[in-house]
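First the structure, in the form of structure tokens, and then the observations on it.
All of the numbers you see were taken from the coordinates with simple rules; none came from a lab. The structure displayed is predicted, hence computed values, not measured ones. Counting neighbours? That spans all protein chains shown, and the Cβs are built from the backbone with ideal geometry, glycine included.
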Amino acid sequence: MIRDVRTGPAPRHHYLNAGHGLASWFLTKDHKRIAWLYFVSITGFFFLGGLAATLIRLELITPNGDLLSSDAYNRLFSLHGIVMVWFFLIPSIPTTFGNFLLPLMVGARDLAFPRLNLLSWYVYIIGGLFTLIAAVAGGIDTGWTFYTPYSTLFANGAVLAAATGVFIVGFSSILTGINFIVTVHTMRAPGLTWFRLPLFVWAQYATSLVMVLATPVLSVTLVLLAVERVFGVGIFDPSLGGDPVLFEHLFWFYSHPAVYIMILPAMGVVSEVVSCFAHKRIFGYRVMAFSILAIALFGFLVWGHHMFVSGQSIYAGVAFSLLSFLVSVPSAIKIFNWLATLYKGHVRFDAPMLFAMSFLGLFLIGGLTGVFVATLALDVQMHDTYFVVAHFHYIMVGGAVSAYMAALHFWWPKITGRLYPEMWARVSAIIVFAGFNLTFFPQYILGWAGMPRRYHAYVEDFQLLNVFSSAGASMLAVGYLLPLIYLLWSLRYGAHASANPWNARGLEWTVPSPPPEENFERPPRVEHEAYAYDTDA
Amino acid sequence: MSRPRHDRTPASATGRFVALYVVLLVLLAANMAGTLLSLGPWAIPARLAVAAGMVAVIATTFMRLRQGTVLVRLVAVMSLLWILFLFVLTFADFLTR
Amino acid sequence: MTRTPEHTVIVAHQFENLEQQFDADLLGMWLFLVTEALLFSGAFLALAVYYHQYHDTFSAAARELHWLLAGANSVILLTSGLAVALAEQAADQGRRRAALLGLLATIALGLVFLAIKGYEYHSEYQAGLMPFLQQPFAYDGPNPHNAMLFYNFYFVLTGLHAAHMVIGLAVLMVIAVLTWRWRDGARVARQVRIAGLYWAFVDIVWVLVYCSLYLVGR
Amino acid sequence: MAADQDRWQLLLFPDAASSVAGSVDILFWTMVVVCGLIVVLVFTLLLVLSVRYRAGARVDRTPSPKLFNNRWLEIGWTLPVLAGFLVFFGWGAALYVDIFDPPARDGEDVRQINVIGKQWMWKFQHPEGIREINDLHLPVGQTVELRLTSQDVIHSFFVPAFRIKQDVLPQRYTRLRFTPVKTGRFDLFCAEYCGLSHSGMVGKVVVMAPERFQAWLQRRDRGESPAREGERLFRQYGCSGCHGAASRVNAPDLTGLYGKPVPLESGETVTADAQYLRDSVMFPSRQVAAGYPDIMPSFKDQISEEDLLKLLAYLQSLDESSRADAPRQKETDAP
């Protein structure tokens, strides 16, 4: 019913043609252009991590480690983990869509600290370079978790370079987080009260809190790891009475909340998309906002569930298990609220909605299997097996990456001023959903049957399911390469988008596509709550 | 060009800064002198408490938390809360092993 | 970032007015200090856990440190905290010379602190208490292995603090130059204020480092 | 065809070969059913709602004020979720405590086995002295207690068929108690990534009928029991020079010490468990027994993990009945 409003005239002045030449990009302070810098760099890291994943899945087609040496395999899964966690998933939605949309959504001309924003991209790139150097200069085989004493006293390879890379990229996160929090607090347009903010902004805000509060603990942990490895200063070294379990505590104090850095922005995206494509106000707006904050808060209290069999006290384990169950409640609430939003809506099945629906399904399965691993006695069996691998890929790939794809398609017309080919996008969404399930569902069964993760060679009984998984991975690769092609195509050949092709609400849709350099000609004044769809449906 | 309220410190603040600086020195001296007493199991809590007092003085006076906005005070409290999470839950392991 | 000519009130383009900009800067700095606090708390946590486990050994090792020298250093750093607070106040009231004086005093005291700290490190190096870079560890108290763990924390925590001092001094020097030039009073006051916050935080960390490394074991 | 069926059987219903495996499986399948129903419910709602209310469909969309934005609806789906989760939490926690801190059963004959993980193999020593690498033979029905430690990095002892897993840490003893209830050969994996040949750090746990196990014991070239070897090492490392009955050095007598409370010089009291005894050898002045001078040298870097475990076995074997001299426990005159 709204096809006709999707296209618009070619825009004249906007942020993309406001300056030309390399300097206009690499020295820009415009949050929209910085978002592009991030787009390009995280896409590069995504495909690098994906390449490592492809090789891992190829190796695992046969039970014997015959394609790669075990050394190469160990380095590949470490690279895959480090790149995907720190250089793709953590920065993914915040630094791209958050950067682009946050000022637009709060009605500001830019983030509070534009130079800091550019600096955090450079910091990200420097961290990335260190990691790439580590990958080239012999690689690193500790896994992304850097557990001591293996990482400090035993591992060969460029552990220091990789740890430095992660340490540096942590500061990029911190700076972005500070920038976002300050922006949301001080730069909201007149009339834009907290409970009129889009849930995407709430999600970015909560994510930034987690970044600011968790990342420094990772930084100091990596500093301690580095001094132990480089200077031989025992910190966790058991032979001096140090405790490797203490390292695990410090590491997971960051790395569990890091999961929420990945998933909270995804929840924000899905709230926007579901509401828009159901053409209806999000159900239970306040409950949704509070559950975002609750997840961010409780996310800090559950890290010990990574350590149920680590030699941690079993009573601490019981406490962490209970807290882990509590953190899953707000997630469950969110799923029901999204479903209720569909009720009596006008649901359209454009590609962003298909990706958002994939998110709902896959996040549900990932979340419920998370309940399995939060259950103490079951985690004893599941810990460090493919069950856990499947669980967190359902959350991170099925959840976060699906939402990233939804966001990419949803805001593509706004960001580029072009429409993407809808048919191909739908095909890609369906291929990704099918390929994802084929890749990762078998891994649940493998884990339950006892296949440990990070195994280069495995017991023959596990082969059949591994073959399924690898077949799914190749589908997944197609599903992710397809958008790369048609989105690049659309940059040149796509139809010009109107200001509001989805008939959506929100301040970002009130400005032309692509937005002008200063975002708003006049500071907007907000008089409605978010998602005012019901007024004209 | 209105100046933010909390930006401006009254001229009398100099006296307060110096007075609290003296308080800090007294606390430091007390803490150092405390090592000469044998307080038994109370030694560590006592020393940490005095140090916490010094931290509180610096934060409220030199960092002007007293005049700070609610938001800034909230931020300061939040950092304490999160440090508490880190300590309490980690010690939950080490104390019950 | 600056559109308007100098010597007038400058508001960055993304802000509506100076008050908004000041609120944003202050909040940003406080959030940054939160991250710094959590960074140190990770190292303090590790120290606390080991203190809990090896209480006697750690206390014995702590008694070898130069606690009086470090106590004098505490006085120096607290004094520098006062100096920077007075400098902030002076800058705020538009008293350029007083502000500059306060900043220079702060920098001087900070350098004295680092010098004394350096002397402490040197004497520990000579006493063979620097257990890294293949140095022999010549500690003759009980349980040298666990004691070494204590010394590792001593060097890591004081080193981390010293690194923050160096950063803080560099920032203060830049701010001192800006104060000397005094282009835009409101802006200088804001910059002195932000730098002063950082310096006060460095003070706080030292108070905790001094208490937990030098005093707790005594 | 049959082979395929077996394979699926094996993957979906892996062997449940320990006394706790059955209980874990019941919990697992209950959760599969409950969570499966939730998945079906949500997927159905997602599809039905989105298709029924698709744009352009002529359906009744008049707002239903009673249901819409209803606080009770939110509470109505929050509370059952919370309650359900708490049930699973309690169930899982109870079972977990039962696995890792099993209630002591009087008179139970527990088979104590020493396990050392190292890059990249498992070393076992039976109470009879038999040593094995990567394979572990056990009699069915007898409770086993593993005392696990690592020579280098963190490993993890994982037998899927037993539904047990425990990380193996350097400089520390962790313990794992279980009772095999089925005979067969079961996979043993290292579950914590430990470097180059992590995936090669695998073995088999062979559970045999008691009589066949006895025969296996007979067949194996039986060494000395760890306790006997430990006794020899006790003299060899010079421990007996100070801790022996005839010694004039003021060192604690170790007879009957194992498992008993030890008052420390610091005023605390600790239990003389494996970890305490180990630390006393490696870091002797960390926890000095009350009333004794702190004169024992550290044996760190001088004694292997194997020897340490044997010494422990020896100390454990010295119960009250074998005491030779006067009452060991000194009066605690320390503050």
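Kindly state, to the nearest 0.05, the FRET efficiency for A:Tyr315 paired with D:Glu145, given R0 = 30 Å and r defined as their beta-carbon distance. About 0.90, to the nearest 0.05. Cross-link reach is defined here as a Cα-Cα straight distance under 21 Å, omitting same-chain residues fewer than 8 places apart; for A:Lys334 the lysines meeting it are A:Lys280, A:Lys344, D:Lys66.
Highest GNM mean-square fluctuation among D:Tyr53, D:Tyr237, D:Tyr258, for chain D modelled with Cα contacts below 10 Å: D:Tyr53. Each stretch of four or more DSSP H residues adds -39500 (n - 2.57); spread over every residue of chain C, this sum gives -27000 deg cm²/dmol at 222 nm.
Pull out a ≥ b ≥ c, the square roots of the eigenvalues of the alpha-carbon gyration tensor of the protein assembly as shown, then state rounded if a/c is under 1.5, prolate if not and a/b is larger than b/c, and oblate in the remaining case. In terms of gyration-tensor shape, oblate. With respect to chain D, whose longest principal axis is taken over its alpha-carbon atoms, helix D:21-52 is tilted by about 30°. For the pair D:Ala209 and D:Ser247, the difference between a 0.36 nm per residue extended length and the Cα-Cα distance amounts to 9.0 nm. Note on D:Val39/A:His20: beta-carbon distance plugged into 1/(1 + (r/R0)^6) with R0 of 51 Å gives a FRET efficiency of 0.50. A Förster distance of 35 Å, applied to the separation of the beta-carbon atoms of C:Leu133 and D:Gln236, puts the FRET efficiency at 0.45. Give me the tail of P(r) for the range C:18-215 as a percent: Cα-Cα pairs with distance above 26 Å. Roughly 40 percent, once rounded to a whole number.
Charge dipole of the protein assembly as shown (Cα centre as origin; +1 on each Lys and Arg Cβ, -1 on each Asp and Glu Cβ, all else neutral): 3720 debye, rounded to the nearest 20.
3J(HN,Hα) couplings calculated from phi for the range A:5-11 with the Karplus curve 6.51 cos²θ - 1.76 cosθ + 1.60 (θ = phi - 60°) are, in sequence order, 8, 6, 8, x, x, 5, x Hz; Gly and Pro show x.
Model label points for A:Asp66 and B:Ala29, set 7 angstrom from Cα along the Cα-to-Cβ axis, are 8.2 nm apart.
Can you tell me how chain B classifies by the Cα gyration tensor, rounded, prolate or oblate, using a/c under 1.5 as the rounded cut? Oblate, since a/c reaches 1.5 and b/c is not below a/b.
Taking amide H atoms as placed 1.01 Å from N in the peptide plane, the amide H of D:Ser156 lies under 5 Å from those of D:Val168, D:Ala191, D:Glu192, each 5 or more residues away in sequence or on another chain. At D:Lys182 and D:Ile26, where each label point lies 7 Å from the Cα along Cα→Cβ, what is the point-to-point distance in nanometres? About 1.7 nm separates the two model spin labels.
Shape analysis of chain A places it in the prolate category; the axes a ≥ b ≥ c from the Cα gyration tensor give an a/c of at least 1.5, with a/b above b/c. Projecting the Cα positions of A:Phe77, A:Asn117, A:Gly494 onto the charge dipole of chain A (unit charges on Cβ atoms of Lys, Arg, Asp and Glu, taken about the Cα centre) puts A:Gly494 furthest along the positive direction. Each residue in D:Cys242, D:Cys190, A:Cys276 was given a count of other beta-carbon atoms within 10 angstrom of its own, and listing them fewest first yields D:Cys242, A:Cys276, D:Cys190.
Taking the helices alone, chain A has a mean residue ellipticity at 222 nm of -21000 deg cm²/dmol, built from -39,500 (n - 2.57) per DSSP H run of at least 4 residues and averaged over all its residues.
Would you mind ranking A:Ser328, A:Ser219 so that the residue whose beta carbon has the fewest other beta carbons within 10 Å leads the list? In increasing order of surrounding Cβ atoms, one gets A:Ser328, A:Ser219. Applying the Karplus relation 6.51 cos²θ - 1.76 cosθ + 1.60 with θ = phi - 60° to the range A:404-409 yields 3J(HN,Hα) values of 4, 5, 4, 5, 4, 6 Hz, where x marks Gly and Pro. In a fully extended conformation the segment linking B:Leu84 and B:Trp42 would gain 13.0 nm over its present Cα-Cα distance, using 0.36 nm per residue. The angle separating the long axis of helix C:67-92 from the principal Cα axis of greatest extent in chain C is about 10 degrees. By the beta-carbon count within 10 Å of each Cβ, the least crowded to most crowded order of D:His126, A:His528, A:His305, fewest first, is A:His528, D:His126, A:His305. By the rule of a C-alpha distance below 27 Å, with chain neighbours fewer than 8 residues away ignored, the lysines paired with A:Lys29 are A:Lys414.
Database remark: amide H of D:Val262 closer than 5 angstrom to the amide H of D:Val270, D:Thr271, D:Ala272 (H placed geometrically; neighbours at sequence offset of 5 or more, or on other chains; Pro and chain starts carry no H).
Charge dipole of chain A (Cα centre as origin; +1 on each Lys and Arg Cβ, -1 on each Asp and Glu Cβ, all else neutral): 1560 debye, rounded to the nearest 20. Axis angle, to the nearest 10 degrees, between helix D:210-219 and the longest C-alpha principal axis of chain D: 40 degrees. Check cross-link reach from D:Lys310 to the lysines: straight Cα distance under 27 Å, and skip same-chain residues fewer than eight apart. Candidates past the 8-residue exclusion: D:Lys118, D:Lys123, D:Lys165, D:Lys204, D:Lys260, D:Lys300, D:Lys330. Distance from the Cα centroid of the range D:178-199 to that of the range A:228-285 is 30 Å (rounded to whole angstrom).
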